[in-house]
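Here is the structure we will look at, set down as structure tokens.
The values are calculated or read from the model by the stated rules, or taken from the named source; none is laboratory data. This is a predicted model, so every value here is computed, not measured. Here the Cβ positions follow ideal geometry from the backbone for every residue, glycine too, while neighbour counts run over all protein chains shown.
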Amino acid sequence: MADVADEAEVYPAKPIRLAVPADVITKWQRLIGLTADLCAVPVILVTRLHAADLELVACASAADGPYKRGETFKIGRRLYCHAVLTARAPFHLYDARENPVWADAPEANRGMVSYLGFPLLWPDGGIFGTICALDDKPHMYSPAHRELILHIKEVIELDLAWIHDHAIESKQPAKERLRMEEHFHRVQKLEVLGQLAGGIAHDFNNLLTVILHSVERLKRSLEGDQSASEVLGAIEEAAHQAVGVTKSILTLGREVPCVKEPVNLSAVIEDAAKLLQRTLPASIELVVTKADPASLWIKADRTQIQQIVLNLAFNARDAMPEGGTIRVGVASAAREDLAAWVDHPDHDDGFVCLAVSDTGTGMSPDVRGRIFEPFFTTKAREKGTGLGLAIVQGLVRGHGGGTTVHSEPGEGASFRVFFPRVRDDQVPSEILRPPTTPQGHGERLLLAENDPHLLAAAGGNLRVDGVPPVALVLGPERLDRQCLPALALVVGG
């Protein structure tokens, strides 16, 4: 092994000597912690290159894990990161034990046999260090997981650019500079969240689709069994909510189309209350106030509105560790309620108000002013990500609504969410009719899908619905196009 001075000469640029603020490192720590969970790896590190060593400036690892934040390593060719730093390019090592070059690397000696790393650069091209994921077993990273880590790399490099520019540009007035910094970090958080969610949404929805198709088949085969129907109904409702979670998170970072139609907000509240009754601890009482009139219509995506209710209720639950009361209600918005919504738009038909309150610990003015920021949380890392209320804010704004909150320390919290109202006579008659399941009449249908579980589940439901014969094809590339003219419909996953 070459000495330290020789190793330093290998790297194509000298590191810049600028301090990284503590709050920036804290943000990195939270981001890589979330990424480690999503990628299912035990360790993700952000390292910084110094003259003679490599410092771990951020570390996502278990408390008893092999790495600790602040730890340093002597620069050497045997380090996995050396391959990234010298080439300024990604480096993936599937299994160090099968590679004589890396079998005795310091990381391998700590049990980390798999590595995926990317370089981190200052805006002028100087090396800052690396971001890397390590695993104690061979790991072939999926394209989605590579993208997740790449997006975190981009966010860190944006921070490095801000630190660099901040160090050389100090002519702006302090107040204006602070405002720009806050806006910059807020945009970063939104962008990375959108990218993180996009990387997992497709696979997650496929799994949920299999669950929903399977539940539907079980409900039909067990028709008449009241006990089984209730259990299956709970599973189905929870799966629909999980689909909504994916859609909701996507709205934070990008424009995501949602299906808006007239929705009876009172009915949505009742459905959400059923799920809450099954999930809230016994120490918390749920009180639901019926609307008057019974039907209060808004134009909305039903799943997203349910997600708003659940997020607010779960936030209230977390504010009452010793138990308490959550009150959920919906009513026509009163003039005095709207007064608290600054700059609310005019709407001829008025607004509907969803109210969620708790008897919890309450919030200080400082906390209350930041509760809608993505990743802001007063909870321990394992108990919250700081996304629940940020999701609420994004969904409400996407529906043309607004949110107000009143809270003081020790006095609980009260959230009011306002939506533009739709009059009863504006609701299409077909929405008021109960839905029916379409039946087939012997048409020929072909279903093409890459996921074998989703293919089997969807095909089974189509057979039950009376659409024989159904041809199942694993992957569109296997489709025999000569049979297309004889088909009534081709469905591709």
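Quick notes
- Unique residue being surrounded by fewer than 18 Cβ atoms within 10 Å (Cβ to Cβ) and among the hydroxyl-bearing types (Ser, Thr, Tyr) when the list is Thr86, Thr35: Thr86
- Val405 being surrounded by fewer than 20 Cβ atoms within 10 Å (Cβ to Cβ), touching a helix residue (DSSP H, G or I) at 6+ places or on another chain (Cβ under 8 Å) and at pLDDT 90 or above: yes
- Residue list for the range 293-319, restricted to those being out of contact with any Asp or Glu (no Cβ under 6 Å at 6 or more places or on another chain), crowded, with 17+ Cβ neighbours inside 10 Å and aliphatic (A, V, I, L, M): Leu296, Ile298, Ala300, Ile305, Ile308, Val309, Leu310, Leu312, Ala313
- Filter pass, Pro365 being at pLDDT 85 or above and not basic (Lys, Arg): yes
- Qualifying residue in the range 100-108 (condition: touching a residue at least 24 places away in the same chain (Cβ under 8 Å) and either assigned to a helix (DSSP H, G or I) or within 30 Å of the chain's Cα centre (by Cα) (or both)): yes
- Subset of the range 112-131 (residues that are within 17 Å of His50 (Cβ to Cβ) and in a strand (DSSP E or B)): Pro119, Leu120, Leu121, Ile127, Phe128, Gly129, Thr130, Ile131
- In the range 1-25, of all residues being surrounded by 12 or more Cβ atoms within 10 Å (Cβ to Cβ) and within 21 Å of His166 (Cα to Cα), the one that is modelled with the lowest pLDDT corresponds to Pro15.
- Within the range 326-358, the residues that satisfy the criterion of being within 28 Å of the chain's Cα centre (by Cα), surrounded by fewer than 20 Cβ atoms within 10 Å (Cβ to Cβ) and either among the polar types (S, T, N, Q) or in a strand (DSSP E or B) (or both) are Arg327, Gly329, Ala355.
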